[in-house]
Amino acid sequence: MSRSEELFQAAQVHIPGGVNSPVRAFKGVGGTPVFFKRGEGAYLFDEDDNKYIDYVGSWGPMILGHCNSAVIDAVRNSLDNGLGFGAPTEIEIEMANKVCEIMPSLDMVRMVSSGTEATMSAIRLARGYTKRDKIVKFEGCYHGHSDSLLVKAGSGMLTLGEPSSPGVPASLAEHTITLTHNDIESVRKAFAEMGDQIACIIVEPVAGNMNCIPPVPGFLEGLREVCDEYGTVLIFDEVMTGFRVALGGAQSVYNVQPDLTTLGKVIGGGLPVGAFGGKKEIMEHIAPLGAVYQAGTLSGNPLAMAAGLAMLNAVSEPGFYEQLGAKVELLTEGLQAVAMANGIPFTTSRVGGMFGLFFTEQEKVTSFAETMKCDADRFSKFFHGMLEQGVYLAPSAFEAGFVSAAHTQDDIEATLAAADQVFASLK
Ligand code: PMP
């Protein structure tokens, strides 16, 4: 028995399913989750001393690779001053200034400790600000596990085949209107019926929790128009895309400005951080300035701020995203070529530092319905084949993949060579 197998058995005694977050359990792909003990640059090392090229990057944060020295040093330097005070610190100002400089649609920003908290707080703020209860989300988008947002959600919910969760009161879920992603007509229709009751639209501007699906031309622009027309708050959930698809997030790539933005992952450098921010006139409704309550014992934690700020400084270097994007292009174009050479129906998507892999006859996948039609069994076989070859992909057909600055051309070529063998075995 491998150490991972032993540990997985031991983990299941006191941890539900042996994991502290569901997708980690390999339910979507079958088999035993790999237990890791160390990361370095583009690589992960498991408890059996196997080495993997990592395309999960802790589900997004590790855009510089593991154990980046600037981030680790920043945390080390902060460590000796104490782990947290629950009182204001100077580094929180530096962080807020940096985020608002990088994303000009943010006049103000509040730090929290996870992406879930960021989106939950942003929709409460939108509801408090507009004095409306209804919210709009899109099928297959995931915005964390707060009650209002666990309706037809993506990511682990799709992986487990349970898009809506028991435990969410129907009386709350009825305020969540779920529409078809990338279909602006469905949005216009819903707003024509009840637009004046809708507090906010929340959207992943590049959907990363139903594989990786970029917005079709006009979709984000259309959301902006509809929100302007009905006085509805437009929230871009950039927990995944922020500092990932470009320094300024998807809003800079597609040139559409939301009213509120939620952030997570990269902003914490690998430590637990989230944030939400946006227009001053909306953000001023948050306590203690306004009446919409939101708080956090560990919010703005100095270690987490040190890690996040070091990360944001590093990714702000000129040329960072051009280089990252070129690596993703090399990977996705290469995978497509290798699949074609092996006669496997397969396509990819990519925006900046994130990508999607689809086992489908279709040339491009642009909708939730199409992503659900992809061959999930074939993905599972591909996933396990790659794992055996020392390549760690997200253990689900419904997750985006991530490349880091630490990945080299050699790493990508090794990945393509592995994929060539695995595709051949899938014929
Ligand atoms: N929003 C999006 C777009 C996400 O991808 C995620 C997590 N993958 C979340 C929100 C929730 O963030 P967290 O897991 O940090 O609560």
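Values quoted throughout were computed directly from the atomic coordinates according to the rules given, and no laboratory measurement underlies them. The model shown is predicted, which means the values in this text are computed figures rather than measured ones. With ideal geometry, Cβ positions are generated from the backbone for all residues, glycine too; neighbour counts draw on all protein chains shown.
Charged neighbours of Arg244, selected by a Cβ distance under 10 Å, balance to 0 (K, R count +1; D, E count -1). Among Ala70, Ile93, Ser186, flag the residue with its Cα farthest along the positive direction of the charge dipole of the chain, charges on Cβ as +1 for Lys/Arg and -1 for Asp/Glu. About the Cα centre, the residue reaching furthest to the positive side is Ser186.
Each Lys and Arg adds +1 at its Cβ and each Asp and Glu adds -1 at its Cβ; summed about the Cα centre, the range 96-175 shows a dipole of about 240 debye.
Cross-link check: pairs Lys51/Lys381; Lys37/Lys279; Lys27/Lys427 evaluated at a Cα-Cα cut-off of 30 Å; pairs beyond the cut-off: Lys37/Lys279. Each principal axis of the Cα cloud of the range 30-117 was taken in turn, and the coordinate range along them, longest first, works out to 45, 33, 22 Å.
I'd like to know which of Phe243, Met311, Thr332 lies farthest towards the positive end of the charge dipole of the range 193-333, counting +1 on Cβ of Lys and Arg and -1 on Cβ of Asp and Glu. Looking along the dipole axis, the top candidate is Met311.
Under a model in which nothing but the beta-carbon of Lys, Arg (+1) and Asp, Glu (-1) is charged, the chain shows a dipole of about 600 debye around its Cα centre.
Residues Ile201, Ile184, Ile286 in ascending order of nearby Cβ atoms (within 10 Å, fewest first): Ile184, Ile286, Ile201. Per residue, the average separation of C-alpha pairs within less than 8 Å and at least 6 apart gives the range 1-88 a relative contact order of 19 percent. In the range 115-186, the ratio of gyration radius to Kirkwood radius, Rg to Rh, stands at 0.95 when only Cα atoms are counted. A convex hull fitted to the Cα coordinates of the range 23-169 yields 184 cubic angstrom per residue.
Annotation: the antiparallel percentage among DSSP beta bridges lying fully within the range 190-316 is about 35.
Quarter the surface of the alpha carbon convex hull of the range 339-399 and you get the mean projected area, 4.5 square nanometres. Compute log10 of I(q)/I(0) for the range 143-234 with the Debye formula, placing one identical point scatterer on every Cα and leaving out solvent, at q = 0.14, 0.16 Å⁻¹, to two decimals. Each listed q corresponds, in turn, to -0.54, -0.70. From least to most packed, judged by other beta carbons within 10 angstrom and beginning with the fewest, Glu281, Glu399 follow the order Glu281, Glu399.
For the chain, the Stokes-Einstein estimate of translational diffusion at 4 °C and a viscosity of 1.567 mPa s comes to 59 µm²/s, using the Kirkwood hydrodynamic radius over alpha-carbon pairs. Panel values: the range 299-425, Kirkwood radius from alpha carbon pairs, Stokes-Einstein at 25 °C and 0.890 mPa s, translational diffusion coefficient 154 µm²/s. What is the set of long-range amide H partners of Asp48 at a cut-off below 5 Å, with H atoms built 1.01 Å from backbone N? Placed amide hydrogens put Ser4 under 5 Å from Asp48. Sorted from longest to shortest, the spans of the Cα atoms of the range 235-381 along the three principal axes equal 60, 34, 30 Å. Among beta bridges from DSSP that stay inside the chain, the antiparallel ones total about 55%. Taking other Cβ atoms within 10 Å as a rough exposure proxy, Tyr43, Tyr293, Tyr55 sort from fewest to most as Tyr293, Tyr43, Tyr55. Hey, for a label at Glu225 modelled as a point 7 Å past Cα toward Cβ, could you say which residues of the range 159-203 have their backbone N under 16 Å away? Backbone N within reach: 182-192.
Charged side chains reduced to their Cβ positions (Lys and Arg at +1, Asp and Glu at -1) give the range 299-393 a dipole of some 140 debye around its Cα centre. Our summary gives the chain a relative contact order of 22 percent, counting only alpha carbon pairs under 8 angstrom and 6 or more residues apart. The value given for the range 240-291 is a Kirkwood hydrodynamic radius of 12.1 Å, derived from the mean inverse Cα-Cα separation. Percent of Cα pairs in the range 213-322 per distance bin of 5 Å, from zero to the largest separation: 2, 11, 17, 20, 19, 16, 10, 5, 0.
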